[in-house]
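Worksheet: the structure to be examined is printed underneath.
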Amino acid sequence: MGTTTRSIYRYIDTLREAGLVVGKLYGNVYQMGKMSSTFPNLAKFIYFTEEEAYILNNMIENLSVTNTLKKDLKRKLLSVYDCTSIANYTERCNNAPNIEALVAARDGKRQAVLRNYSSGHSNVTRDRIVEPFDFTSEMIDVWAWDVEAGQNRVFKVARIDEVEILPDPWRHESDHRRLQVDVFRMSGEGAIPVKLQLNTRAKALLVEEFPLAEKDLKKDGKTWLLDTTVTCLEGVGRFVIGLAADIKVIDSPELSHYIQDYVRKYVPLTE
């Protein structure tokens, strides 16, 4: 291999630290472990979403500082979380044909038609011409340039009837970019500051439903303060309205106006 014996041993140690099985056969001959053909495809299980990695990291952090496994577990988690590419993840589900077509359009830098896409915002079902360029975790959503709207958007794969790849190449590649995703899993380009006071019940429900919000929580006497930034008001507004008796909006005028408008529009008072 044109290198020193010491370097080879370092390579072997690096492979082991990454979680791979390297066993000694005899003498100075080593072999990487083989996987049985009947064993499930490991690639399906090694990708962690940001929320999953956050939860696993917290579990590992709770181990005793004297636990010798703590350091190794964190290193392996970070290795998988930082290096696993969602582009190589293929979900085996009913959406597989559409996912494969979207991947082909992305890799071939082609425009595609999302047939009968059902929008959750406009409640309209129609075709969309897009330039797909990336996926969210587990390929649940696809990031794409919406040709008609002239902006980057996220489309849910489950809402697509069929994907048709067009012969037309991308025309807006320089504009392609992933939008920010806030702790309430809403995407967009906004940066709206939000501050909430939550009782214990609201705090527990928040962390259960939106684990990433925990990093923006602070204890304040008998209550909790959530000080974060959201991309839009729909996600946080829906959460606050559902727990109106347990949450107080603090110094967040945009959110207060959103909730007031929502109540006037959808919760009319009866005489």
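So here's what we get for this one:
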| read-out | value |
| --- | --- |
| In the range 204-220, residue farthest from K156 (Cα to Cα) [restricted to those that are of a type outside the set (A, V, I, L, M) and open to solvent by less than 60 Å² (accessible area, probe 1.4 Å)] | D216 |
| Residue satisfying all of: in the range 240-265; part of a loop (DSSP other than H, G, I, E, B) and touching a strand residue (DSSP E or B) at 6+ places or on another chain (Cβ under 7 Å); nearest to D182 (Cα to Cα) among these | S252 |
| The range 157-175, residues that are closer than 24 Å to V230 by Cα and surrounded by 16 or more Cβ atoms within 10 Å (Cβ to Cβ) | V157 |
| Restricting the range 226-239 to residues that are assigned to a strand (DSSP E or B) and open to solvent by 40 Å² or more (accessible area, probe 1.4 Å), the residue that is nearest to L196 (Cα to Cα) | D227 |
| Sole residue being of a type in the set (K, R) and in contact with a Ser or Thr (Cβ under 6 Å, 6 or more places away or on another chain), chosen from K156, K203, K195 | K195 |
| Residues being exposed (fewer than 13 other Cβ atoms within 10 Å of the Cβ) and either among the small types (G, A, S) or under 26 Å from L114 (Cα atoms) (or both) - total across the range 176-203 | 3 |
| Residue selected from the range 172-223 under the condition assigned to a strand (DSSP E or B) and within 22 Å of the chain's Cα centre (by Cα), by the criterion nearest to N58 (Cα to Cα) | L217 |
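So that you can scan it fast, the table gives a plain yes or no per residue for (1) farther than 30 Å from V142 by Cα; (2) among the hydrophobic types (A, V, I, L, M, F, W, C):
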| residue | (1), (2) |
| --- | --- |
| L179 | no, yes |
| G188 | no, no |
| A191 | no, yes |
| L205 | no, yes |
| K218 | yes, no |
| G221 | yes, no |
| T231 | no, no |
| K248 | yes, no |
| S252 | yes, no |
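Yes/no matrix, rows are residues, columns are (1) within 20 Å of R185 (Cβ to Cβ); (2) open to solvent by 40 Å² or more (accessible area, probe 1.4 Å); (3) touching a residue at least 24 places away in the same chain (Cβ under 8 Å); (4) not in a helix (DSSP H, G or I):
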| position | (1), (2), (3), (4) |
| --- | --- |
| Q111 | no, no, yes, yes |
| L114 | no, no, yes, yes |
| Y117 | yes, no, yes, yes |
| S122 | yes, yes, no, yes |
| R126 | no, yes, no, yes |
| E131 | no, no, yes, yes |
| D134 | yes, no, yes, yes |
| W143 | yes, no, yes, yes |
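The values are calculated or read from the model by the stated rules, or taken from the named source; none is laboratory data. Nothing here was measured: the structure is a model prediction, and the numbers come from that model. Cβ: placed from backbone, ideal geometry, glycine included. Neighbour counts: every protein chain shown. All accessible areas refer to the heavy atoms of the entire protein, side chains included, with ligands and DNA or RNA removed. Shrake-Rupley method; radii C 1.70, N 1.55, O 1.52, S 1.80 Å.
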